[in-house]
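The values are calculated or read from the model by the stated rules, or taken from the named source; none is laboratory data. Because the structure is predicted, anything quoted here is derived from the model rather than measured. In this analysis, Cβ positions are derived from the backbone assuming ideal geometry, glycine residues included, and neighbour counts consider all displayed protein chains.
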Amino acid sequence: MSEAAAAASRKPEALKIAGLGAIDCDVHPRAPRRADLMPFLDAYWREIFVSREIEHIDLMSYPEGIRPRRNPDGAVSDAANLASRLLDPLDLSAAILNVISGGPHAFYDPYLSTAMCEATNRWIVSEWLDRDPRLRASLLVPFQNPEAAVQEMEKYAGDKRFVQILTISSGEHPLGRRIYWPIYEAAAKHGFALAIHFGNNYRHAPTQSGFPSYLVEENVAQATAFANQVGSFVAEGVFAKWPEMKVVLVESGITWMPGLMWRMSKDWRGARIEVPWVKEKPADIMRRHFRMTTQPFDVPGDVEVSRRAIAHLGSDDMLLFSTDFPHDHRMDVREWPAALPQEMAKKIAVDNVRATYSRLEVGE
């Protein structure tokens, strides 16, 4: 038997997602268009949306060669379509919907942003959550208008189908800044986690040295955007104020995190007089408060390399199962990702998710 054949014979049989009771932490329904939102707007905002020709705004930017391709059937059109293509084949206990609509994050007008958030949340309830009991969702709140964001969380505090609030990795300010603390206070009060999804409103350059020339540069720079947000939360003392808060980094990858843990813990020792509220190593704070979704997973397909990468994190509590459906990462979503150790499947797909989302109510 050749060495290649021997290696193939030792390869474990693919583990099926069905049977795990998995909870998918990043599923994308189609972004709502103006026509979808019109029934959920009052007369004034219906007129504004028409007169200003407001439609879906895309805040994602992938180099063409690595852009996640859509599944052959295209975007998820409705809840029944999602059930037949994802929920049923994977026998998911639940799936968390992340609506990637750029408007709420990109508008300068805080009132327009608020109106879009409110309408989108109503649309999510009516067209998705009410149509399948397995669906959960992120609540859109206007970070440009913290007072209105708090009101939106208060409005949905009793609807446990909304498990977190959602923002993007490259917005107006570092997210730990105190201007956002009223939002975090309300989130902590009602048990919402905070999800930070890959995205940019392009009001600031995506690198610390300005705008890059090519998309491949920008794509690589997204990891530093997530790193900047993690550093902001730790240094500003958000978790000293709200020790139960969890932050989920969606589509961030993981390999950048160990280096950040080491570097920030090292530099903190010499500069901690500035941040007296940071009373322990930043690496320990990061392990306790940050979680990262598994798709896309920025580790080569060798499962042993993945084990080492996860070991560098110092905790497998930090990983949450996701498919990023319907984006196509050239893999069969019905099978456990080949790069992720199979022995971690239940922890990553079920236990870690339940521990992260205090509002998540899923039957055993």
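Here is a list of conditions, (1) of a type in the set (S, T, N, Q); (2) under 27 Å from L97 (Cβ atoms); (3) part of a helix (DSSP H, G or I), and T224 meets all of them except one; can you say which number that is? Checking T224 against (1) of a type in the set (S, T, N, Q); (2) under 27 Å from L97 (Cβ atoms); (3) part of a helix (DSSP H, G or I), the one that fails is (2).
Taking the criterion of being surrounded by 24 or more Cβ atoms within 10 Å (Cβ to Cβ) and of a type in the set (S, T, N, Q), the only residue of the stretch 142-165 that qualifies is Q164. Determine if the stretch 243-254 includes at least one residue that is in contact with a Phe, Trp or Tyr (Cβ under 7 Å, 6 or more places away or on another chain), acidic (D, E) and surrounded by 15 or more Cβ atoms within 10 Å (Cβ to Cβ). Within the stretch 243-254, one or more residues are in contact with a Phe, Trp or Tyr (Cβ under 7 Å, 6 or more places away or on another chain), acidic (D, E) and surrounded by 15 or more Cβ atoms within 10 Å (Cβ to Cβ).
Only one entry in V248, V234 is under 21 Å from G102 (Cα atoms) and either under 16 Å from the mean Cα position of the chain (by Cα) or at pLDDT 90 or above (or both), namely V248.
Considering the stretch 175-232, the residues that are under 23 Å from L260 (Cβ atoms) and of a type in the set (D, E, K, R) include one that is surrounded by the most Cβ atoms within 10 Å (Cβ to Cβ), namely E218.
Does A149 qualify as being under 19 Å from the mean Cα position of the chain (by Cα) and part of a strand (DSSP E or B)? Taking the combined requirement at face value, the residue does not satisfy it.
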